[in-house]
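Trainee: Structure provided below as C-alpha coordinates; questions to follow.
The values are calculated or read from the model by the stated rules, or taken from the named source; none is laboratory data. Given the structure is predicted, the values throughout are model-derived calculations rather than measurements. No Cβ is skipped: glycine too gets one built from the backbone with ideal geometry, and neighbour counts run over all protein chains shown.
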(Lines give C-alpha, C1' and ligand atoms only; values in the text may rest on other atoms or scores of the structure.)
Protein backbone atom coordinates (compact mmCIF):
# COMPACT_ATOMS: atom_id res chain seq x y z
CA UNK A 1 0.00 0.00 0.00
CA UNK A 2 1.27 3.50 -0.83
CA UNK A 3 -0.05 6.96 -0.02
CA UNK A 4 0.04 9.89 -2.47
CA UNK A 5 -0.90 13.39 -1.29
CA UNK A 6 -1.85 16.26 -3.61
CA UNK A 7 -2.67 19.88 -2.93
CA UNK A 8 -3.63 22.93 -4.97
CA UNK A 9 -4.69 26.53 -4.47
CA UNK A 10 -6.73 29.07 -6.41
CA UNK A 11 -7.42 32.77 -6.00
CA UNK A 12 -10.59 34.56 -7.03
CA UNK A 13 -11.12 38.33 -7.27
CA UNK A 14 -14.56 39.89 -7.02
CA UNK A 15 -14.60 43.65 -6.62
CA UNK A 16 -12.78 44.36 -3.36
CA UNK A 17 -13.08 40.77 -2.19
CA UNK A 18 -10.24 38.30 -2.59
CA UNK A 19 -10.88 34.60 -1.93
CA UNK A 20 -7.99 32.17 -1.56
CA UNK A 21 -9.03 28.54 -1.52
CA UNK A 22 -6.73 25.60 -0.89
CA UNK A 23 -7.62 22.02 -1.71
CA UNK A 24 -5.92 18.85 -0.52
CA UNK A 25 -6.63 15.28 -1.45
CA UNK A 26 -4.87 11.98 -1.07
CA UNK A 27 -4.83 8.69 -2.93
CA UNK A 28 -4.23 5.24 -1.45
CA UNK A 29 -2.67 2.83 -3.92
CA UNK A 30 -2.67 -0.91 -3.20
CA UNK A 31 -0.91 -3.83 -4.86
CA UNK A 32 -3.86 -6.20 -4.54
CA UNK A 33 -7.59 -5.34 -4.63
CA UNK A 34 -9.28 -4.83 -1.27
CA UNK A 35 -12.95 -4.71 -0.28
CA UNK A 36 -14.37 -1.19 -0.37
CA UNK A 37 -15.14 -1.22 3.34
CA UNK A 38 -11.44 -1.78 4.15
CA UNK A 39 -10.36 1.01 1.80
CA UNK A 40 -12.95 3.26 3.40
CA UNK A 41 -11.69 2.32 6.85
CA UNK A 42 -8.06 3.12 5.94
CA UNK A 43 -9.11 6.40 4.33
CA UNK A 44 -11.09 7.59 7.33
CA UNK A 45 -8.21 6.57 9.60
CA UNK A 46 -5.86 8.79 7.63
CA UNK A 47 -8.38 11.64 7.87
CA UNK A 48 -8.48 11.10 11.63
CA UNK A 49 -4.69 11.34 11.74
CA UNK A 50 -4.75 14.47 9.56
CA UNK A 51 -7.26 16.11 11.92
CA UNK A 52 -4.62 16.16 14.67
CA UNK A 53 -2.65 18.79 12.78
CA UNK A 54 -5.38 21.28 11.89
CA UNK A 55 -7.32 23.64 14.16
CA UNK A 56 -10.79 23.33 12.60
CA UNK A 57 -13.06 20.38 11.99
CA UNK A 58 -12.12 18.25 8.97
CA UNK A 59 -14.82 17.51 6.38
CA UNK A 60 -14.73 15.09 3.47
CA UNK A 61 -15.92 16.62 0.21
CA UNK A 62 -15.60 13.62 -2.07
CA UNK A 63 -14.38 10.02 -2.03
CA UNK A 64 -13.91 7.67 -4.98
CA UNK A 65 -12.91 4.04 -5.39
CA UNK A 66 -11.18 2.79 -8.55
CA UNK A 67 -11.21 -0.89 -9.52
CA UNK A 68 -8.57 -2.90 -11.36
CA UNK A 69 -10.14 -1.96 -14.71
CA UNK A 70 -9.74 1.75 -13.99
CA UNK A 71 -13.44 2.45 -13.42
CA UNK A 72 -14.16 4.94 -10.60
CA UNK A 73 -17.13 4.90 -8.25
CA UNK A 74 -17.94 7.82 -5.98
CA UNK A 75 -19.18 7.27 -2.44
CA UNK A 76 -22.56 8.93 -1.91
CA UNK A 77 -21.83 12.53 -0.89
CA UNK A 78 -24.76 12.68 1.54
CA UNK A 79 -22.91 10.03 3.55
CA UNK A 80 -20.49 12.71 4.77
CA UNK A 81 -21.15 15.50 7.22
CA UNK A 82 -21.28 18.92 5.58
CA UNK A 83 -19.99 22.13 7.17
CA UNK A 84 -22.75 24.58 8.11
CA UNK A 85 -20.56 27.50 7.10
CA UNK A 86 -17.02 28.09 5.91
CA UNK A 87 -14.59 28.29 8.78
CA UNK A 88 -10.99 29.37 8.53
CA UNK A 89 -8.45 26.91 9.83
CA UNK A 90 -4.82 26.87 10.75
CA UNK A 91 -2.38 24.14 9.83
CA UNK A 92 -0.59 23.61 13.11
CA UNK A 93 2.39 21.83 11.63
CA UNK A 94 3.75 21.57 8.11
CA UNK A 95 4.54 18.31 6.34
CA UNK A 96 8.13 19.45 5.94
CA UNK A 97 8.51 19.54 9.72
CA UNK A 98 7.45 15.90 10.11
CA UNK A 99 8.62 14.54 6.75
CA UNK A 100 11.60 12.63 8.19
CA UNK A 101 9.42 10.90 10.79
CA UNK A 102 6.16 10.67 8.81
CA UNK A 103 6.48 6.96 8.00
CA UNK A 104 7.12 6.20 11.66
CA UNK A 105 4.02 8.22 12.64
CA UNK A 106 1.94 6.29 10.08
CA UNK A 107 3.24 2.95 11.37
CA UNK A 108 2.52 3.91 14.95
CA UNK A 109 -1.00 5.04 14.07
CA UNK A 110 -1.99 2.06 11.95
CA UNK A 111 -0.45 -0.44 14.37
CA UNK A 112 -3.15 0.74 16.82
CA UNK A 113 -5.63 1.89 14.18
CA UNK A 114 -8.86 0.93 15.91
CA UNK A 115 -7.77 2.32 19.29
CA UNK A 116 -6.76 5.70 17.84
CA UNK A 117 -9.83 5.85 15.59
CA UNK A 118 -12.19 5.28 18.48
CA UNK A 119 -10.84 8.22 20.49
CA UNK A 120 -10.42 10.64 17.56
CA UNK A 121 -13.89 9.77 16.27
CA UNK A 122 -15.32 10.92 19.61
CA UNK A 123 -13.33 14.15 19.40
CA UNK A 124 -14.28 14.90 15.79
CA UNK A 125 -17.97 14.43 16.61
CA UNK A 126 -17.92 16.79 19.59
CA UNK A 127 -20.46 19.59 19.62
CA UNK A 128 -19.29 22.25 22.04
CA UNK A 129 -22.80 23.69 22.05
CA UNK A 130 -23.75 20.61 24.04
CA UNK A 131 -21.50 21.51 26.95
CA UNK A 132 -22.16 18.73 29.46
CA UNK A 133 -22.28 15.90 26.92
CA UNK A 134 -18.99 17.12 25.39
CA UNK A 135 -17.41 17.20 28.85
CA UNK A 136 -18.50 13.63 29.61
CA UNK A 137 -17.26 12.47 26.20
CA UNK A 138 -13.85 14.05 26.78
CA UNK A 139 -13.61 12.40 30.21
CA UNK A 140 -14.44 9.11 28.54
CA UNK A 141 -11.67 9.69 25.98
CA UNK A 142 -9.14 10.20 28.78
CA UNK A 143 -10.25 6.98 30.48
CA UNK A 144 -10.19 4.98 27.22
CA UNK A 145 -6.75 6.33 26.34
CA UNK A 146 -5.33 5.29 29.70
CA UNK A 147 -6.87 1.80 29.53
CA UNK A 148 -5.72 1.17 25.94
CA UNK A 149 -2.28 2.77 25.85
CA UNK A 150 -1.00 3.26 29.39
CA UNK A 151 -2.17 0.50 31.73
CA UNK A 152 -0.70 -2.39 29.70
CA UNK A 153 2.76 -0.78 30.12
CA UNK A 154 2.65 0.23 33.80
CA UNK A 155 2.56 -1.92 36.92
CA UNK A 156 0.07 -1.55 39.74
CA UNK A 157 2.93 -0.25 41.90
CA UNK A 158 2.85 2.98 39.87
CA UNK A 159 -0.85 3.34 40.65
CA UNK A 160 -0.11 2.91 44.37
CA UNK A 161 2.57 5.62 44.19
CA UNK A 162 0.14 8.00 42.48
CA UNK A 163 -2.48 7.17 45.13
CA UNK A 164 -0.05 8.19 47.89
CA UNK A 165 0.87 11.44 46.10
CA UNK A 166 -2.76 12.48 45.83
CA UNK A 167 -3.51 11.51 49.44
CA UNK A 168 -0.54 13.46 50.80
CA UNK A 169 -1.75 16.54 48.90
CA UNK A 170 -5.24 16.50 50.37
CA UNK A 171 -7.24 14.59 47.77
CA UNK A 172 -9.91 12.38 49.33
CA UNK A 173 -9.59 8.82 48.07
CA UNK A 174 -11.08 5.42 48.75
CA UNK A 175 -9.00 2.29 48.46
CA UNK A 176 -10.07 -0.03 45.68
CA UNK A 177 -8.78 -1.23 42.34
CA UNK A 178 -5.30 0.11 41.42
CA UNK A 179 -6.34 2.07 38.32
CA UNK A 180 -9.45 3.92 39.45
CA UNK A 181 -10.80 6.94 37.60
CA UNK A 182 -8.99 9.70 39.51
CA UNK A 183 -5.65 7.82 39.41
CA UNK A 184 -5.99 7.58 35.62
CA UNK A 185 -6.62 11.33 35.32
CA UNK A 186 -3.67 12.19 37.55
CA UNK A 187 -1.35 9.81 35.71
CA UNK A 188 -2.26 11.34 32.35
CA UNK A 189 -1.68 14.82 33.77
CA UNK A 190 1.83 13.84 34.85
CA UNK A 191 2.54 12.43 31.39
CA UNK A 192 1.43 15.62 29.61
CA UNK A 193 2.75 18.06 32.23
CA UNK A 194 6.11 18.67 30.43
CA UNK A 195 4.12 20.27 27.59
CA UNK A 196 3.01 23.06 29.93
CA UNK A 197 -0.75 22.59 29.72
CA UNK A 198 -2.21 25.50 31.69
CA UNK A 199 -4.82 24.40 34.22
CA UNK A 200 -7.98 26.46 34.70
CA UNK A 201 -10.23 27.04 37.71
CA UNK A 202 -8.07 25.35 40.32
CA UNK A 203 -5.58 26.06 43.08
CA UNK A 204 -3.22 23.24 42.09
CA UNK A 205 -2.98 20.20 39.86
CA UNK A 206 -4.43 18.13 42.72
CA UNK A 207 -7.42 20.46 42.98
CA UNK A 208 -7.91 20.27 39.20
CA UNK A 209 -7.85 16.46 39.15
CA UNK A 210 -10.30 16.23 42.04
CA UNK A 211 -12.70 18.71 40.39
CA UNK A 212 -12.42 16.80 37.13
CA UNK A 213 -13.45 13.59 38.88
CA UNK A 214 -16.18 15.23 40.98
CA UNK A 215 -17.72 17.09 38.02
CA UNK A 216 -17.67 13.98 35.86
CA UNK A 217 -19.39 11.96 38.59
CA UNK A 218 -21.92 14.70 39.34
CA UNK A 219 -23.17 14.87 35.74
CA UNK A 220 -23.10 11.07 35.37
CA UNK A 221 -24.96 10.41 38.63
CA UNK A 222 -26.62 13.75 39.57
CA UNK A 223 -27.16 14.47 43.25
CA UNK A 224 -27.53 17.49 45.51
CA UNK A 225 -23.80 17.78 46.25
CA UNK A 226 -22.38 20.63 44.16
CA UNK A 227 -19.31 21.42 46.24
CA UNK A 228 -15.96 20.88 44.51
CA UNK A 229 -17.32 20.84 40.95
CA UNK A 230 -17.05 23.28 38.05
CA UNK A 231 -19.95 25.52 37.09
CA UNK A 232 -21.66 25.21 33.71
CA UNK A 233 -19.78 28.25 32.34
CA UNK A 234 -16.47 26.93 33.64
CA UNK A 235 -17.04 23.58 31.93
CA UNK A 236 -17.31 25.41 28.59
CA UNK A 237 -13.68 26.41 28.86
CA UNK A 238 -12.53 23.21 30.53
CA UNK A 239 -13.80 21.30 27.47
CA UNK A 240 -11.36 23.07 25.16
CA UNK A 241 -8.54 22.40 27.58
CA UNK A 242 -9.36 18.70 27.82
CA UNK A 243 -9.42 18.42 24.03
CA UNK A 244 -5.92 19.94 23.85
CA UNK A 245 -4.80 17.60 26.61
CA UNK A 246 -6.04 14.51 24.74
CA UNK A 247 -4.47 15.67 21.48
CA UNK A 248 -1.11 16.04 23.23
CA UNK A 249 -1.31 12.51 24.63
CA UNK A 250 -2.11 11.04 21.21
CA UNK A 251 0.76 12.92 19.55
CA UNK A 252 3.05 11.66 22.29
CA UNK A 253 1.93 8.08 21.64
CA UNK A 254 2.61 8.58 17.91
CA UNK A 255 6.19 9.51 18.87
CA UNK A 256 6.04 13.03 17.47
CA UNK A 257 9.05 15.10 18.57
CA UNK A 258 8.59 16.92 21.87
CA UNK A 259 9.18 20.41 20.42
CA UNK A 260 6.61 19.76 17.68
CA UNK A 261 4.03 18.59 20.21
CA UNK A 262 4.49 21.85 22.11
CA UNK A 263 4.12 23.76 18.84
CA UNK A 264 0.85 22.03 17.96
CA UNK A 265 -0.62 22.46 21.45
CA UNK A 266 0.39 26.12 21.58
CA UNK A 267 -1.34 26.84 18.27
CA UNK A 268 -4.35 24.81 19.35
CA UNK A 269 -4.63 26.95 22.47
CA UNK A 270 -4.44 30.15 20.42
CA UNK A 271 -7.31 28.96 18.22
CA UNK A 272 -9.53 29.26 21.31
CA UNK A 273 -8.79 32.91 22.03
CA UNK A 274 -10.93 33.08 25.12
CA UNK A 275 -8.71 30.63 26.99
CA UNK A 276 -6.72 33.63 28.21
CA UNK A 277 -9.77 35.84 28.67
CA UNK A 278 -9.31 35.96 32.44
CA UNK A 279 -6.51 38.46 31.82
CA UNK A 280 -8.55 40.55 29.36
CA UNK A 281 -10.38 43.27 31.31
CA UNK A 282 -13.06 43.52 28.59
CA UNK A 283 -13.95 39.84 28.97
CA UNK A 284 -16.83 38.57 31.11
CA UNK A 285 -14.33 36.10 32.57
CA UNK A 286 -11.92 38.86 33.64
CA UNK A 287 -10.47 38.44 37.09
CA UNK A 288 -8.78 41.56 38.47
CA UNK A 289 -5.38 40.87 40.03
CA UNK A 290 -5.34 41.00 43.80
CA UNK A 291 -2.91 43.33 45.52
CA UNK A 292 -0.74 41.87 48.22
CA UNK A 293 -1.13 43.82 51.45
CA UNK A 294 2.01 44.72 53.30
CA UNK A 295 2.13 45.41 56.99
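Trainee: What single numbered condition from (1) part of a helix (DSSP H, G or I); (2) farther than 29 Å from residue 211 by Cα; (3) modelled with pLDDT of 80 or more fails to hold for residue 93?
Mentor: Result: residue 93 fails condition (1) only.
Trainee: Give the residue that is farthest from the chain's Cα centre (by Cα), with candidates limited to residues of segment 197-206 that are in a loop (DSSP other than H, G, I, E, B) and modelled with pLDDT of 85 or more. Can you show your working first?
Mentor: Keep residues of segment 197-206 that are in a loop (DSSP other than H, G, I, E, B), which gives 197-204.
Subsequent filtering for residues that are modelled with pLDDT of 85 or more retains 201-204.
On the way: 201: 20, 202: 21, 203: 24, 204: 23 Å.
Ranking the candidates gives 203 first.
Trainee: State whether the residues of segment 238-250 include one that is exposed (fewer than 15 other Cβ atoms within 10 Å of the Cβ) and under 30 Å from residue 95 (Cβ atoms).
Mentor: no
Trainee: Next up: Can you tell me how many residues in segment 207-242 are in a helix (DSSP H, G or I) and touching a helix residue (DSSP H, G or I) at 6+ places or on another chain (Cβ under 6 Å)?
Mentor: 9
Trainee: Quick one: in segment 157-181, of everything that is farther than 15 Å from residue 213 by Cβ and at pLDDT below 90, which residue is surrounded by the fewest Cβ atoms within 10 Å (Cβ to Cβ)?
Mentor: 175
Trainee: Determine whether segment 271-284 contains at least one residue that is within 12 Å of residue 93 (Cα to Cα) and either at pLDDT 90 or above or part of a helix (DSSP H, G or I) (or both).
Mentor: no
Trainee: Does at least one position in segment 178-196 carry a residue that is under 29 Å from residue 54 (Cβ atoms) and not in a helix (DSSP H, G or I)?
Mentor: Yes, segment 178-196 has at least one match.
Trainee: For segment 121-140, give me the residue count where each residue is part of a helix (DSSP H, G or I) and farther than 17 Å from residue 44 by Cβ. Before you say what the answer is, go through the steps one by one.
Mentor: From segment 121-140, those part of a helix (DSSP H, G or I) are 121-124, 131-140; that's our starting set.
Add one more test, that the residue is farther than 17 Å from residue 44 by Cβ, and what stays is 131-140.
Final tally of qualifying residues: 10.
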